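Notes for the one structure printed next.
The values are calculated or read from the model by the stated rules, or taken from the named source; none is laboratory data. What you see is a predicted model; the values in this text were computed from it and never measured. Cβ sites come from the backbone with ideal geometry, for glycine too, and all protein chains shown count toward neighbours. Heavy atoms of the whole protein, side chains included, go into the accessibility calculation; ligands, DNA and RNA do not. Shrake-Rupley method; radii C 1.70, N 1.55, O 1.52, S 1.80 Å.
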Amino acid sequence: MRPQQIIAKKRDGSTLTADEIGGFIDGVCDSSWADYQITALIMAMFIRGLDSGEQEAITKAMLYSGEVLDLSDIDRPVADKHSTGGVGDKTSLIIAPLAAACGLAVPMISGRGLGHTGGTLDKLESIPGFNVNLTTEEFKAVIKKCGYAMAGQTAEIAPADKKIYALRDATATVPCIPLIVASIMSKKLAEDLDALVLDVKTGAGAFMQKFEDSRALAEALVHTGKSFGVKTEAVISDMSQPLGMNVGNALEVYECLKILRGEVEPAMQATLDLSVELTARLLTMSGISENIRSASEKCAEALSSGRALEKFRQNVELQNGDPRVCDDPGQLLTNDLMRLDITADGAGFIRSFDALAVGRVVCDLGGGRVLADDGIDHAVGFECKAFIGDKVAKGQTLGTLRCRDNSRAASAGARLKQAYSINETAGEKVKLVVEVVS
Ligand code: URA
């Protein structure tokens, strides 16, 4: 079938066959479909939707548009976590070494930040020398030596997604659940996994802000993972406020190292709790632990004994980073930045703390990127000192901004102050894990 016939079929609301979808993905990869034809079909899919058969067919075609890792010579269960992205969402840096210390192999293919959400690769690059550009062979060798590796998507993994995602980004067709599922799962299924946990964020700072949309995405992701024979669960977690204490690349690695070292400050507790919840689900699905409770105990032991920190150190060494940050996480912080405290205008209880606003301010100060090839300032960020439900006094510091220049600090500070709203009456604390889909 010619591209225009397939486009017309979807435009008119019919269901595409697996062969037609396969032909489309082949056309994306060999460039026999022009960009305007690809985007016309994507827009038709966006408007008309895809049924479960089409969903499975497009995921499969995108997955097999590239290389699928062969990790069969690794003698441990293979598992990974994927997050739909958020503000201060740094759990990958804890989950990978923690899961490895508990007996899993974790082939974590990660992404860079775009817009207000951060990316694991950018965070890792705040560690001097850390190399996220590994070949498939190097990636496998690092996993064999220390139990996990963290690297960017190579050109060989799901190349159809790379091209289609860039076109979706430019044509307002990203927020479409079947296309999101195909995009995420084609990359995750290429990791040859036994188990996958998805952290689907919900709330102001999330990609899916409304709970019902987050749940629909979680259900579709879990259904697709299972239909490919991978044990899959999704945790729908809060992203109405930033996760944990720090937002900003180096600050977030600092927080993870403090947690791995057992130096957990109260504002870091949410990061630790969510990391353990997600790791425990991987351990249980993989059969290493019998249930979530024993898996959580296993995680607690791996953290308190320092075994998870040692995995992190081993991985940093293997990926050419400077392991001294494990002994002194403070080395990651740049001391000559200017600091601006954001204080409460009145006494009361924090009713909202807008994750999206915080993410945007940190991005605008250079901590994130607007275009895919923009540079990044790893040092800037925001340290959160008060959260939704906390009682605060007038003048109390709610958080501290770290930025480079005075001229931008004042407007960034004003925007951050507006990110908080304070009420006279006590409200509810935020529930970190809103729902689990399994
Ligand atoms: N993340 C992805 O990898 N793909 C999407 O389509 C959306 C978020």
- Query: Going toward the positive end of the dipole of the chain, with +1 on Lys and Arg Cβ and -1 on Asp and Glu Cβ, which of 268, 92, 42 do you reach last?
  - Reply: 268
- Which cross-chain or sequence-distant (5 or more) residues have an amide H under 5 Å from the amide H of residue 83, H modelled 1.01 Å from N in plane? 199
- Cα coordinate range in the range 109-241, projected on the principal axes (Å, largest first): 41, 33, 29
- What is the antiparallel percent of DSSP beta bridges lying wholly in the chain, to the nearest 5? 55
- Order by accessible surface, 1.4 Å probe, largest leading, for residues 438, 214, 352 comes to 438, 352, 214
- Non-local residues with an amide H under 5 Å from the amide H of residue 117, with H modelled 1.01 Å from N and Pro and chain starts lacking one, are none
- What do you reckon, how do 64, 420, 165 stack up by accessible area (1.4 Å probe), largest on top? 64, 165, 420
- Carbon + sulfur, % of accessible area of the chain - ligands and nucleic acids excluded, 1.4 Å: 49
- Given a 1.4 Å probe, the accessible area of the range 191-231 per residue, as a whole number of Å², is 38
- Message: If you count only protein heavy atoms with a 1.4 Å probe, what accessible area per residue comes out for the range 373-438, rounded to a whole Å²?
- Response: 54
- Taking the chain, the equivalent ellipsoid from its C-alpha gyration tensor has semi-axes in Å, biggest first, of 35, 26, 21
- Förster-model FRET efficiency, 51 Å R0, residue 8 and residue 334, C-beta, rounded to 0.05: 0.35
- Work out Dmax and Rg for the range 73-115 from the C-alpha atoms and quote the Rg first, both in angstrom. 11.9, 39
- Item | Proximal charge balance of residue 57 [Cβ under 9 Å; K/R count +1, D/E count -1] | -3
- Message: For the chain, what does the relative contact order come out to in percent, with C-alpha contacts under 8 Å and a separation of six or more?
- Response: 19
- Note on the structure: Largest-first semi-axes in Å of the equivalent ellipsoid built from the Cα gyration tensor of the range 342-438 are 26, 20, 9
- Item | Hydrodynamic radius by Kirkwood, which averages 1/r over all alpha carbon pairs of the range 104-163, in angstrom | 12.4
- Query: For residue 404, what accessible area in Å² do you get when you roll a 1.4 Å probe over the heavy atoms of the protein chains, rounding to the nearest 10?
  - Reply: 130
- Electrostatic dipole magnitude of the chain [Cβ: Lys, Arg +1; Asp, Glu -1; Cα centre; debye, to 20]: 740
- Are there any helices in the chain, counted as whole DSSP H runs, that stretch 15 Å or more along their axis by Cα and score at least -1.0 on average by Kyte-Doolittle, and if so which? 18-29, 35-48, 52-63, 136-146, 159-170, 177-188, 211-227, 249-260, 269-285, 292-304, 307-318, 406-419
- Note on the structure: Beyond 18 Å (Cα-Cα) in this structure, taken from 226/431; 81/188; 394/429; 145/231; 123/385; 140/162, we find 226/431; 394/429; 145/231; 123/385; 140/162
- What is the extension gain from residue 26 to residue 172, computed as 0.36 nm multiplied by their sequence separation minus the C-alpha to C-alpha distance, in nm to one decimal? 50.3 nm
- So what is the calculated 222 nm ellipticity per residue for the chain, using -39500 (n - 2.57) for each DSSP H run with n of 4 or more, over all residues, to the nearest 500 deg cm²/dmol? -13500 deg cm²/dmol
- Task: Subtracting the Cα-Cα distance from 0.36 nm times the residue separation, let me have the gained length for residue 141 to residue 265 in nm, one decimal.
- Result: 41.1 nm
- Would you please give the residues with an amide H less than 5 Å from that of residue 148, counting only those at least 5 places away or on a separate chain, with H modeled from the backbone geometry? 106
